[in-house]
Ligand SMILES: Nc1ncnc2c1ncn2[C@@H]1O[C@H](COP(=O)(O)OP(=O)(O)O)[C@@H](O)[C@H]1O
Ligand SMILES: [Mg+2]
């Protein structure tokens with residue numbers, strides 16, 4: 001039997017039960033749409049997050065206090081010594097070290113005259129702007145104190161400056177940070193948001209002053225960037241050895257940007273698969289719809305099956321007829337679902353142009369293949385049942 | 001052409017076994033015209049389904065054109081059905097969503113003949129049966145007599161050697177029944193072997209050879225002397 005005839009006969013059958021076929025197609029379309037939408041969004045989210053993280057450059061090692069036990073931020077050892085500013089400065093002398101950025105973060109009230117704004121306060125050193133690739137719009141960034149207690153200087157994020165000073169000149173003005181008087185020495189260029197965190201709503205002060213302001217004994221993190229010519233592993237090892245020499249034990253944890261990106265990528269990929277699987281559930285529902293409809297169809301067309309057998313159709317031909325019908329239902333559903341998800345994604349990018357979502361033809365092909373597979377799997381049982389019917393009984397069933 | 005030897009078929013009807021065919025011996029020559037008569041439930045349809053390779057015997061043997069078809073597997077029997085046998089049923093068994101032409105060409109579709117060839121052969125047959133005006137009509141737009149003619153056209157489109165008709169006039173008024181019988185006889189006149197089940201003695205009498213069945217047994221086999 002010719003494939004065009006299979007197609008023709010199957011189409012006449014679908015046409016003769018239009019409403020039922022449409023509903024089944026809709027079921028699959030919804031499933032495919034859910035899978036395409038969710039995986040595309042998941043993939044978009046992954047790219048978005050990775051893009052956000054890689055803007056800091058890739059040759060970064062982050063040091064946190066406490067030894068992580070199984071990666072991530074695990075429990076702290078009892079003997080943990082704080083990471084000191086001196087620890088940070090000592091890393092400067094390591095070969096290939098480029099910038100060293102001690103970090104303490106907190107929040108507090110920033111006052112200028114009678115205006116008050118509560119923002120994040122980051123205590124850091126002079127290398128931060130260069131290391132994190134944050135540009136200074138006006139004035140200068142903080143300077144390192146080199147031993148002595150640093151000057152009460154502050155650098156304002158773009159938004160803080162706007163909120164406190166509006167169009168007024170802020171350089172040289174005095175503000176209060178957590179009640180202490182600071183002089184504004186610089187204003188950062190606008191940076192925007194990163195993962196929902198407003199990078200412009202921050203005030204930067206010298207790390208030693210931040211420690212006493214927040215009443216902390218140690219740093220939250222030290223970031224070390226390094227020059228090209230060495231590997232992440234070698235650099236991490238240098239940092240480790242230096243800090244062990246200072247602390248006596250390994251009571252800190254290191255993570256390189258490479259590792260961080262890799263584990264982040266892995267987490268997000270798993271997330272994408274997981275939400276795609278969630279969409280898969282609706283595809284399963286659609287598949288059950290096909291099975292139900294096909295079982296009903298086979299039952300209703302018993303007499304026709306008997307007749308076809310009587311005029312010489314083989315069991316295999318009967319099976320392909322019904323399997324083809326299931327696959328066709330699923331494929332049409334797949335096409336409809338893809339069109340619909342394309343439309344939705346199109347609208348979504350219109351509404352949120354920053355979302356890095358893209359429909360790749362590879363995934364579309366995969367979705368089509370998936371729907372065909374769903375049709376094939378859900379068609380097998382009804383089709384086998386049709387092929388296995390006793391022709392004599394089937395003919396008697398009118 | 002056909003030889004049945006001690007053919008048996010037993011059905012389970014509830015708890016009770018029913019001997020639908022009880023050690024049937026039968027020989028049919030090529031080109032014969034047989035009618036099979038007998039009370040309802042006597043096994044006429046079962047015999048026809050056996051002859052048409054739709055049903056399989058519990059025991060006994062069946063030769064069709066010197067092939068022992070009772071030894072064939074399912075797909076091989078389908079091939080033999082397609083090549084040698086045409087069925088006509090009381091209930092027509094036309095596919096309602098297909099036009100008369102599409103119904104008639106189905107056997108050719110199953111064997112993979114090209115559309116051009118199919119069209120030519122169906123056109124010829126439609127013309128011959130006086131159905132050319134109805135080629136594109138759906139079954140529900142046709143009268144009973146016309147439907148049965150379409151069913152007959154479908155049965156003979158592949159020029160089978162054996163035509164099996166199970167009460168072909170059972171659903172028809174006497175006038176269109178008459179037309180259908182004449183068509184079947186005309187086909188028999190061209191050489192096709194015709195076996196027709198009927199409960200109508202007048203119809204049955206027209207055949208040159210007449211079988212009577214009861215309780216699955218052949219009880220009478222009558223042949224016109226001049227045949
Ligand atoms: N598929 C079946 N299952 C069970 N019993 C059947 C089946 N087909 C036929 N029979 C029984 O076999 C006997 C012969 O049936 P059948 O050949 O249809 O008789 P007829 O065509 O002469 O009326 C009947 O008693 C019928 O009930
Ligand atoms: Mg009967």
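Just so you know, all these numbers are worked out from the coordinates, no wet-lab data involved. Owing to the predicted nature of the structure, the values given are computational and were not obtained by experimental measurement. Cβ placement follows ideal geometry from the backbone for every residue including glycine, while neighbour counts extend to all protein chains displayed.
A few notes on this one:
- Spatially, segment A:160-225 and segment B:75-136 are offset by 88 Å when compared through their Cα centroids.
- Computed from the C-beta positions of residue A:396 and residue A:284 and an R0 of 60 Å, the FRET efficiency is 0.95 to the nearest 0.05.
- Relative contact order for segment A:82-250, counting Cα pairs under 8 Å that sit 6 or more residues apart, in percent: 32 percent
- Beta bridges by DSSP in chain B, antiparallel share as percent, to the nearest 5: 55 percent
- Packing-based exposure ordering (other Cβ within 10 Å, fewest first) of B:192, A:205: B:192, A:205
- Averaged over B:68-76, number of beta-carbon atoms from partner chains that fall within 10 Å: 1
- Per-q log10 I(q)/I(0), segment B:1-90, q = 0.19, 0.22, 0.24, 0.25 Å⁻¹ (Debye; single scatterer per alpha-carbon; no solvent): -0.94, -1.23, -1.42, -1.50
- Each peptide among B:109-122, B:198-211 gets the average number of other Cβ atoms lying within 10 Å of its residues, and from highest to lowest they stand as B:198-211, B:109-122.
- Under the criterion of Cα pairs below 8 Å and six or more residues apart, the relative contact order for chain A equals 28 percent.
- Peptides A:322-332, A:159-169 ordered by average Cβ neighbours within 10 Å, highest first: A:322-332, A:159-169
- Computed from the Cβ-Cβ distance with R0 of 45 Å, the FRET efficiency linking residue A:90 to residue A:376 stands at 0.10.
- The mean number of Cβ atoms from other chains found within 10 Å of a Cβ in peptide B:104-112 is 5, as a whole number.
- Remark: spin-label model distance residue B:137-residue A:149 equals 11.0 nm, labels positioned 7 Å along the Cα→Cβ axis.
- Its DSSP H runs of at least 4 residues, each contributing -39,500 (n - 2.57), put the calculated 222 nm mean residue ellipticity of the protein assembly as shown at -15500 deg cm²/dmol, to the nearest 500.
- Efficiency of FRET from Cβ geometry, residue A:183 and residue A:51, R₀ 35 Å, rounded to 0.05: 0.45
- The mean number of partner chain beta-carbon atoms within 10 angstrom of a residue's beta-carbon across peptide A:311-321 is 6.
- Put in line by how crowded their Cβ is, counting other Cβ atoms within 10 Å and starting with the fewest, A:336, A:203 read A:336, A:203.
- DSSP bridge analysis restricted to the protein assembly as shown gives an antiparallel fraction near 70%, rounded to the nearest 5.
- Approximate spin-label separation residue A:217-residue B:65, in nm, with each point projected 7 Å along Cα-to-Cβ: 10.2 nm
- Chain B - percent relative contact order, Cα under 8 Å, separation 6 or more: 30 percent
- DSSP beta bridge pairing in segment A:82-250, given as percent antiparallel to the nearest 5: 75 percent
- As a proxy for reagent exposure, A:239, A:116 were ordered by neighbouring Cβ count within 10 angstrom, fewest first; the result is A:116, A:239.
- Summary of the geometry: segment A:47-64 and segment A:5-44, compared by the centres of their Cα atoms, lie 42 Å apart.
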